[in-house]
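One structure below.
The values are calculated or read from the model by the stated rules, or taken from the named source; none is laboratory data. Not measured: the values here are computed from a predicted model. We place every Cβ from the backbone using ideal geometry, glycine too, and count neighbours over all the protein chains shown.
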Amino acid sequence: MITHAERMQKKKEVVDRKIAAAQVERGVLVVNTGNGKGKSTAAFGVVARALGHGMRVAVVQFVKGRSDGGEEAFFRTQPGVAWHVGGAGFTWETQDKERDAAAAWLAWKVACEHLRDPGVGLVVLDEMTYAFKYGWLDVAAVLAVLRCRPAEQHVIVTGRAAPQALRDAADTVSDIAMEKHAFQAGVKAMPGLEW
Ligand code: ATP
Ligand code: MG
């Protein structure tokens, strides 16, 4: 009978072979999408990880939610972080299509500055997918800029309903499903967890 140690040794060989085969070093385009919770917070986890390596990080938020979020308060105190809140607000709050589009365009212009700066190791484009959904930005034009970014630079795009062209262009796509969310049971957005 095969022992646990033998089974683990076989598994180790398979894992080691896969690790040895992955030799490419370059910037990676990540998309965190889907209806489940965790798209933005996963991106902010990577911000912490990158800062821990001494990298410079830029975060551009395309939909301005609340301005008292814990992540913004924390990361703004960190050297090496450029944090830009670019959006005008939730579409159902502003109710002004022209203003939303103009705000998204300005946010994109700020993002473009970082996307051409090789000193910035990670760019987070938070809630950017809504800019495509509402037609504020053209996905092909955005992808053209992403393709020309510095070779070592990582980019994370978050937001629900990522367009297919963005998924196709990305190296890593996480489609986070919602099984349940406390909000559905009437729990308020709790500080420290939801914002
Ligand atoms: P988080 O910032 O918590 O990672 P997210 O980026 O995945 O969430 P968004 O659609 O950006 O999700 O949600 C913004 C806010 O709504 C956050 O406070 C988030 O926790 C909450 N939220 C996320 N998913 C759901 C959901 N399915 N139902 C209700 N609230 C949600
Ligand atoms: Mg989010």
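Just a few scattered comments:
- Of the residues making up segment 58-77, one or more are touching a strand residue (DSSP E or B) at 6+ places or on another chain (Cβ under 6 Å), farther than 15 Å from I156 by Cα and surrounded by fewer than 17 Cβ atoms within 10 Å (Cβ to Cβ).
- Within segment 14-43, considering residues that are within 16 Å of ligand 1 (Cβ to nearest atom) and over 27 Å from A144 (Cβ atoms), the one nearest to the chain's Cα centre (by Cα): T41
Yes/no matrix, rows are residues, columns are (1) touching a helix residue (DSSP H, G or I) at 6+ places or on another chain (Cβ under 8 Å); (2) modelled with pLDDT under 95; (3) not aromatic (F, W, Y):
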position	(1), (2), (3)
A50	no, no, yes
G54	no, no, yes
A58	yes, no, yes
G65	no, yes, yes
W83	yes, no, no
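- Summed over segment 157-195, the residues that are of a type in the set (A, V, I, L, M, F, W, C), surrounded by 13 or more Cβ atoms within 10 Å (Cβ to Cβ) and touching a strand residue (DSSP E or B) at 6+ places or on another chain (Cβ under 8 Å) give a count of 7.
- Flag if V14 is surrounded by 11 or more Cβ atoms within 10 Å (Cβ to Cβ) and either more than 24 Å from D138 (Cα to Cα) or not charged (D, E, K, R) (or both): no
- Scanning segment 122-138 for residues that are crowded, with 24+ Cβ neighbours inside 10 Å and out of contact with any strand residue (DSSP E or B) (no Cβ under 7 Å at 6 or more places or on another chain) gives a single hit, A131.
- E113 vs. criteria of a type outside the set (A, V, I, L, M), modelled with pLDDT of 95 or more and more than 22 Å from K37 (Cβ to Cβ): yes
- Selected residue (only one of A141, A103, A107 is surrounded by 15 or more Cβ atoms within 10 Å (Cβ to Cβ), hydrophobic (A, V, I, L, M, F, W, C), assigned to a helix (DSSP H, G or I) and more than 16 Å from ligand 2 (Cβ to nearest atom)): A103
- Looking only at segment 166-195, and only at residues there that are charged (D, E, K, R) and outside any loop (DSSP other than H, G, I, E, B), the one that is farthest from the chain's Cα centre (by Cα): D168
- Residue in segment 9-16 that is closer than 28 Å to A162 by Cβ and either modelled with pLDDT under 95 or not in a helix (DSSP H, G or I) (or both) present: no
- All positions within segment 144-166 that are within 16 Å of ligand 2 (Cβ to nearest atom) and of a type outside the set (S, T, Y): V155, I156, V157, G159, R160, A161, A162, L166
- Inclusion of F74 among residues that are under 15 Å from the mean Cα position of the chain (by Cα) and either among the aromatic types (F, W, Y) or within 16 Å of ligand 1 (Cβ to nearest atom) (or both) is not warranted.
- Residue ID - farthest from ligand 1 (Cβ to nearest atom), chosen from residues in segment 146-165 that are part of a loop (DSSP other than H, G, I, E, B) and among the aliphatic types (A, V, I, L, M): A151
- Listed by first and then second residue, the pairs linking a residue in segment 28-47 that is within 15 Å of G70 (Cβ to Cβ) to a residue that is in a helix (DSSP H, G or I) and more than 9 Å from ligand 2 (Cβ to nearest atom), with Cβ atoms under 7 Å apart and 6 or more places separating them unless they lie on different chains, are F44/E71; V47/F75.
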